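Report on the structure given below.
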Amino acid sequence: MTQTLTLRRPDDWHLHLRDGAMLQAVLPETTRHFARAIIMPNLVPPVVTSADAAAYRARILAALPPGADFTPLMTLYMTEQTDSADVVAAHASGLIAAVKLYPAGATTNSASGVRDMARVQPVFDAMAEAGVPLCVHGEVTDPDIDIFDREAVFIDRVLDPIRRRTPGLRVVMEHITTADACAYVRESDGTLGATITTHHLMINRNHILVGGIKPHYYCLPVAKRESHRTALVELATSGFPYVFLGTDSAPHTQANKESACGCAGVFSAPVTMACLAQVFDEANALDRLEAFASLNGPTFYRMPPNDATITLERGAPLDIPASLETGEGPVVLFDPGRPVNWHVTKA
Ligand code: DOR
Ligand code: ZN
């Protein structure tokens, strides 16, 4: 039985760092294990222009813990006013790694997102031409569509039509949660990639709803039934080259989660690598964890993998602290509710 695992240092291809006191508190939880992360732009107000991204990047760099070797990969939040020239120049200069598409109203701070995809078609065209990846929150917002069906419907009604209209556009379908999305990405010709979160590999909707409502398991897209979770585990552990880790670690204060209208988001950054080793171990796929966490993402984003390494060891069950103190109040950590026998021992 493998007891020790050394991997190239992983990257997180979907991360929420927030700003101010929250940024200060959560950033070290990512830099401890990860070399780079795609930084989500859904601040209030959102990061919409290259000037916004440059300023946010400077705030992240100023908040780095001493000695940290970490590169934030910035994104722009697409609106119906997004300027193609600004996007292309920001990507060419290395300031941004991608543009994020939120359908308006799909999730936290998405009100300025896109309502009418036809309005941003010129931006998609410019991005395809310049090789700028598009990160997509893949859920429709139509009130008639059941929340558990919103991802599958998005593929048919929105994502596939965008990809057909925009040959060459490189798209990352983020935080996929369904067997439908797994099947869709398995047909990729290389222009479509997908990220999977740690928590969607470990919980299904029963974990949220059975035996009392568990707000700390609530995120968007919401976890689906068990057959979808097993499809995600099969894909993540398969070695398939266009699927990679995006934690979607999304801190909210305990007060904002434990509320009559609780925020969506799971804070998983501190425990992600240990949890992933557990998942891959249970699937007899420890030898494929490096592809998922450290190799496939850089290949898709056309970046070199990291040279540094991290080491994990199997041992006694991981002791997961209940919460992280932040200047805005405690943030509860993701705890899968079952033993995690892996620990990061060198990073
Ligand atoms: O659960 C989520 N939380 N899903 C998202 O898409 C946004 C995120 C957040 O910003 O809290
Ligand atoms: Zn997210």
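Just so it is clear, none of the values below were taken in a lab; they were calculated from the coordinates. Fair warning: this is a prediction, and the values are worked out from it, not measured in the lab. With ideal geometry, Cβ positions are generated from the backbone for all residues, glycine too; neighbour counts draw on all protein chains shown.
See the values below:
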| quantity | calculated |
| --- | --- |
| Loop-located trypsin sites (Lys or Arg not before Pro) in region 284-347 whose Cβ has at most 16 other Cβ within 10 Å (DSSP) | Arg302 |
| His14 long-range amide H proximity, modeled H, under 5 Å | Ile38, Thr247, Asp248 |
| Using alpha-carbon coordinates, inclination of helix 272-282 to the longest axis of the chain, degrees | 70 |
| Anchor Lys346: aspartates and glutamates whose Cα lies under 14 Å away (excluding residues fewer than 8 positions away in-chain) | Glu313 |
| Helix-only CD estimate at 222 nm, as mean residue ellipticity for the chain, using -39500 (n - 2.57) per DSSP H run (n ≥ 4) | -8000 deg cm²/dmol |
| Sequence ranges 230-236, 306-312, ranked by mean other-Cβ count within 10 angstrom, highest first | 230-236, 306-312 |
| Table column - 3J(HN,Hα) (Hz), region 26-37, Karplus curve with 6.51, -1.76, 1.60, x for Gly and Pro | 8, 4, x, 5, 8, 5, 4, 10, 10, 8, 9, 8 |
| Listed peptides 237-245, 196-204, 48-56 by packing density, highest first (mean Cβ within 10 Å) | 196-204, 237-245, 48-56 |
| D_trans [Stokes-Einstein, Kirkwood Rh over alpha-carbon pairs] for region 206-347, 37 °C, 0.692 mPa s, µm² s⁻¹ | 199 |
| Asp156, Asp319, Asp335, Asp248 arranged by Cβ crowding within 10 Å, fewest neighbours leading | Asp319, Asp156, Asp335, Asp248 |
| In sequence order, calculated HN-Hα J values of region 241-251 (Karplus, 6.51, -1.76, 1.60; Hz; x Gly/Pro) | x, 9, 10, 8, 6, x, 5, 6, 4, 9, x |
| Net +/- balance of residues flanking Ile38 in space, Cβ distance below 14 Å, scoring K and R +1, D and E -1 | +1 |
| DSSP-defined antiparallel bridges as percent of all bridges, the chain, nearest 5 | 30 |
| Cα centre as origin, Lys/Arg/Asp/Glu Cβ charges: region 34-180 dipole, Debye | 480 |
| Potential lengthening between Glu234 and Leu61 on full extension [0.36 nm per residue; Cα-Cα distance subtracted] | 58.6 nm |
| Distant-in-sequence amide H partners of Gly193 (H built 1.01 Å from N, under 5 Å) | Val171, Val172, Met173 |
| Peptides 60-70, 103-113 ordered by average Cβ neighbours within 10 Å, highest first | 103-113, 60-70 |
| Among Val171, Phe292, Val132 the positive-end extreme of the charge dipole of the chain (Cβ point charges) | Phe292 |
| Set of lysines near Lys224 by C-alpha distance (under 28 Å), chain-local residues within fewer than 8 positions excluded | Lys100, Lys214, Lys257 |
| Integer Hz, Karplus 6.51/-1.76/1.60 couplings in order for region 332-347, x for Gly and Pro | 6, 7, 4, 9, x, x, 8, x, 10, 9, 10, 9, 7, 10, 8, 9 |
| Only Lys, Arg (+1) and Asp, Glu (-1) charged, at Cβ; region 4-346 dipole about Cα centre in debye | 280 |
| Relative contact order %, the chain, counting alpha carbon pairs below 8 Å whose residues are six or more apart | 20 |
| Ellipsoid semi-axes in whole angstrom, largest first, where each is sqrt(5λ) of the Cα gyration tensor of region 4-346 | 28, 22, 21 |
